[in-house]
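Remarks on the structure that follows.
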Ligand code: PMT
């Protein structure tokens, strides 16, 4: 495991690898720099998880950027408004079972397009109505962690995945963030003058997540396509390749109304919503599958 990075206010954190890079992820982490306040954020996650045995859900949300310069002004972005993750975290948190529609988006800060987040929610033991009196309680049930670059995201996913591993089957990972497929290694970031782009592939971290970092958790990934004809084959291929539990297949233009839950051995579950928020039905079905996984 990578050693903890020193925390310095307002300064980039350079993460060091303490051993030879021997996997694709190690090679990736060895060629990028992650910036942020991760020690503080990870401490908060650790405190949130301390002594918790009940089900915990990690929801990732938003796009991941790829810096093009060392002093970053320009970057590439992956499309995501963060809406899916924010609404999903809210339904996870309130464990609604279709009985009510929230009157406000309490977690709207998770959907701001400039802030990408991972939210850790602890499912409430009983159904609850959203009301002002519950807000303090809600805060104890949720912690959010922010990231910007694809390197930040993958680093946090690794560390938080490893922290969730002791929960075994009581952890669920719901990966709605849009993860960049390509990146620029640190050595090729532009300092000045011309910029020549030769992007390298980002390793698929879902593989070590399932096999090594958090092997007993219920892992749900999304598959986004612009071409509906390609979607289902790609979703099934991802499940076979990574051997996780569900792929939530969605087409970009229909993502608010139609999602298919694809599983390895069981029939597909079609989720459709014409009027309400599709996440409400989706999370309800997923929590049922998660409960089966935990038995
Ligand atoms: O935020 P909204 O505007 O509401 O939109 C929601 C959404 C369309 C972004 C969301 O529903 C969605 O589909 N998110 C996943 C988009 C995506 O990154 O798909 P992908 O095909 O690139 O990746 C598939 C899976 O592989 C992802 O779950 C990702 O966790 C995983 N992956 C991807 C790249 C990588 N290097 N490693 C990975 O593990």
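Bear in mind these aren't lab numbers, they're just calculated from the coordinates by the rules spelled out. Owing to the predicted nature of the structure, the values given are computational and were not obtained by experimental measurement. Methodologically, a virtual Cβ is constructed for each residue, glycine included, from the backbone with ideal geometry; neighbour enumeration extends over all protein chains shown.
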Seminar exercise, completed: Taking r as the C-beta separation of residue 295 and residue 194 and R0 as 45 Å, the FRET efficiency to the nearest 0.05 is 0.15
Problem set entry | Under 11 Å from the residue 254 label point (7 Å along Cα→beta-carbon), backbone N, region 203-227 | 227
Exercise. Between residue 27 and residue 216, what is the label-to-label distance in nm when each label sits 7 Å out along the Cα-to-Cβ direction?
Worked result: 3.3
Exercise. In whole Å, what is the distance between the alpha-carbon centres of region 234-254 and region 44-80?
Worked result: 21
Seminar exercise, completed: For region 162-295 the mean separation of alpha carbon contacts under 8 Å (6+ apart) over residue count, i.e. relative contact order in percent, is 20
For this session: Quickly rank 224-231, 59-66 as a protection proxy: mean count of other C-beta atoms within 10 Å, highest first.
Result: 59-66, 224-231
